[in-house]
Amino acid sequence: MEAQGINLNITGIEQHVPEIERFIWTVKERTRVIENTLPFDILPNRLVVEVIYNAMFWLNFFLHKDGIHATMSPRMIVTGANINYNKHCKLQFGAYVKVHKQHNNSMLLCTSRAIVL
């Protein structure tokens, strides 16, 4: 590996890697910000998972200053998919919405309540 220029940073027990510690801190900070904007006192486990997923989604969308590519985001490198404005940017995470559901011509409701994830 050394011949190919790969430098391994091996960390032992009770040692810290500053870059990873900072990244974990950033993810926790983003997650707390999203959670504090939600109008709920207690979050179900699934919603907590989606909050963390949302934070990671947006962190991986933008280019990193010291990233491995000058013009491609980590998300683009791994998945090859770019952001679709109509799918990803129309609604804020945690917003209350009404969604269309299958119905007939009866007088029953044709929408259902939901939270944007």
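The values are calculated or read from the model by the stated rules, or taken from the named source; none is laboratory data. Given the structure is predicted, the values throughout are model-derived calculations rather than measurements. A quick note on method: Cβ atoms are made from the backbone with ideal geometry, for glycine too, and the neighbour counts reach across all protein chains shown.
Of all the residues in the stretch 96-111, those that are modelled with pLDDT of 80 or more and surrounded by 11 or more Cβ atoms within 10 Å (Cβ to Cβ) number 3.
The set of residues in the stretch 73-95 that are surrounded by 10 or more Cβ atoms within 10 Å (Cβ to Cβ) and of a type in the set (Ser, Thr, Tyr) comprises SER73, THR79.
For the stretch 37-71, a residue qualifies if it is among the aliphatic types (A, V, I, L, M) and surrounded by 10 or more Cβ atoms within 10 Å (Cβ to Cβ), and the qualifying residues are LEU38, LEU43, LEU47, VAL48, VAL49, VAL51, ILE52, ALA55, MET56, LEU59, LEU63.
Answer yes if at least one residue in the stretch 58-81 is at pLDDT 85 or above and acidic (Asp, Glu), and no otherwise. Checking the stretch 58-81: not a single residue is at pLDDT 85 or above and acidic (Asp, Glu). Would you say ILE34 is assigned to a helix (DSSP H, G or I), in contact (Cβ under 8 Å) with a residue 60 or more places away in the chain and surrounded by 10 or more Cβ atoms within 10 Å (Cβ to Cβ)? So ILE34 passes the test.
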